[in-house]
Amino acid sequence: RAARGARVLSQGLAPLTRPLESAAGRPTPRALASAAASTSGSAAFLGPPPTGLTGRWRKDKAASDSMDAACDAVALPWVLRKAVGVVKILELEDSPAHFRTRLKAGGILDIVETYPWAPGAAEVVHGRRDKRRGGHTGRVERVEGGGAAIRVAWDDPHAGTCVDAFTVSPDGRTLTQATTMVMRGTGEVVAYKTVFRRERERAG
């Protein structure tokens, strides 16, 4: 049923969006400079060693906060609000070279981002997560306790910044994603957490 719902949403989104590879577009130098300043932060860049973040994680809806306020902040269209409910799987790859996230919902709904563990190449451009035209710039840094944090920024419409901090429980079974959004135009701050449980690796 979930897969069928994802296909229906993908068909509904097709006229409104394009694949992530083309959605990123080419933000202007001014936009890139603004985003870089917004995401630089005051903490020094911290890279590997890799942690227990790597794996396939399933969302625990009961333990997670509502994303309604975040959807309202960026005026997310109705069809994409429905898509938020479809996204249940998060795949993370925390290698010595990069940190990659993949939110799996099927086809065009998937959101894939890769950030290098390299100070000289830390700022990269990806398609906007709200599927609007243009892109966001972002970087990854290691956080206290061995987790990772992605910092991104985007321009209008609904310009803002977002930090996603990923940490794993001591037993390695629970992933918590703490998200903080700040809307540039209004100063509104939206914070919520998403909890995931590690899926067991399939034999063979």
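The values are calculated or read from the model by the stated rules, or taken from the named source; none is laboratory data. These numbers were taken from a predicted model, which means no experiment stands behind them. Positions of Cβ are backbone-derived with ideal geometry, glycine not excepted, and every protein chain shown enters the neighbour counts. Heads up: the accessible areas ignore ligands, DNA and RNA and are worked out on the full protein's heavy atoms, side chains in. Shrake-Rupley method; radii C 1.70, N 1.55, O 1.52, S 1.80 Å.
Details
- From 179, 186, 174, 194, residue being polar (S, T, N, Q), surrounded by fewer than 21 Cβ atoms within 10 Å (Cβ to Cβ) and out of contact with any Phe, Trp or Tyr (no Cβ under 8 Å at 6 or more places or on another chain): 186
- On inspection, residue 93 qualifies as modelled with pLDDT of 75 or more, open to solvent by 30 Å² or more (accessible area, probe 1.4 Å) and within 14 Å of the chain's Cα centre (by Cα).
- Close pairs from segment 121-133: first among the acidic types (Asp, Glu), partner at pLDDT 85 or above and open to solvent by 20 Å² or more (accessible area, probe 1.4 Å), Cβ under 8 Å, at least 6 apart: 123/139; 130/158
- Enumeration of residues in segment 102-127 that are modelled with pLDDT under 90, charged (D, E, K, R) and either touching a Gly at 6+ places or on another chain (Cβ under 9 Å) or open to solvent by 40 Å² or more (accessible area, probe 1.4 Å) (or both): 104, 123
- Annotation note: Cβ proximity below 6 Å between a residue of segment 73-98 that is among the charged types (D, E, K, R) and a residue that is part of a loop (DSSP other than H, G, I, E, B) and modelled with pLDDT under 85 (sequence gap 6+ or interchain) occurs for 94/50; 94/51.
- The single condition from (1) farther than 22 Å from residue 173 by Cα; (2) in contact with a helix residue (DSSP H, G or I) (Cβ under 9 Å, 6 or more places away or on another chain); (3) not in a helix (DSSP H, G or I) that residue 80 fails is (3).
- Filter result (open to solvent by less than 40 Å² (accessible area, probe 1.4 Å) and of a type in the set (S, T, N, Q)) within segment 52-82: 64
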